[in-house]
1. Within chain B, which is the longest segment containing none of the chymotrypsin sites (Phe, Trp or Tyr not before Pro) that sit in a DSSP loop and have at most 10 other Cβ atoms within 10 Å?
2. Can you tally the net charge around B:S66? Count Lys and Arg as +1, Asp and Glu as -1, for every other residue whose Cβ sits under 12 Å from the Cβ of B:S66.
3. Summing Lys, Arg as +1 and Asp, Glu as -1, what charge do residues with Cβ under 14 Å from the Cβ of A:G38 carry, A:G38 excluded?
4. Using 0.36 nm per residue, how much length does the chain from B:D91 to B:L6 gain when fully extended, once their Cα-Cα distance is taken away?
5. Along the three principal axes, how long is the protein assembly as shown when you take its alpha carbons, biggest first, rounded to the nearest angstrom?
6. Calculate for chain B the 222 nm mean residue ellipticity that helices alone would give, adding -39,500 (n - 2.57) per DSSP H run of length 4 or more and normalising by residue count, nearest 500 deg cm²/dmol.
7. Counting only GluC sites (Glu not before Pro) that are in a DSSP loop and have at most 11 other C-beta atoms within 10 Å, tell me the longest site-free stretch of chain B.
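Computed from the coordinates by the stated procedures, all read-outs in this text should not be read as laboratory data. Given the structure is predicted, the values throughout are model-derived calculations rather than measurements. In this analysis, Cβ positions are derived from the backbone assuming ideal geometry, glycine residues included, and neighbour counts consider all displayed protein chains.
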Amino acid sequence: MGARRLPETVTKRFKVIGKHKIAGVAKGGEVTLTMTPGSMNCLIESGAIEEISAPAVTPPPVKTVKKETGNGSIRS
Amino acid sequence: MARFVLKNCFVEINMSDISDHCSSAEIDLSKDDIDITNFGGAGREHAAGLQDNSIVLNLQQDFDASSIDSIFFPLWDQETEFTVTIRPTSDVVAADNPEFTATCILLEYKPLSGDVGSLSEVSVTCMVQRDTFTRATS
């Protein structure tokens, strides 16, 4: 008989937005939680925490290469 | 050993500290009673079987966002296992302030119960899953 597979946990960072302390952190603070995805979803659904998203990465500016056509005009 | 009066018991459900909404806490530990009596004696003989533990909390209901109902309803609705942590006081874990922890499931939930003019309270029984109940002193 095989061993029972226990739920896997994930680690994410959150901001506490609810009225109750989360893992000892009060409203407005940030907390790193390691939980099962199911229990984490319940905590998010309760309105206690919101995930801190990674800062948006600004794409590098696209360089425009201008070519001369030979007839005096410039083609982008 | 000093006698102890419960004043600031620490109660945490799925990482949420709900101590300020909890008016009573009870940890029920039991094991199935297996009868192993045989012809070798004149009395019954018992053996411990499977653990069947639970944690019973009496809570002051609160329908605010992120409070009692918002915490418990998703746990019942989504049938999700969650962690329950209880200490006799809110102080750090120590030999004289053991921390009881278990992974539980909520099979029953009564979000509204009470009489006219009375405080809205809710009793929840968190059934401990498998052998996840622990007692830590450090």
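1. B:40-138
2. -3
3. So the environment of A:G38 carries a net charge of -4.
4. 29.3 nm
5. 116, 55, 37
6. One gets -2000 deg cm²/dmol as the mean residue ellipticity at 222 nm.
7. In short, B:1-44.
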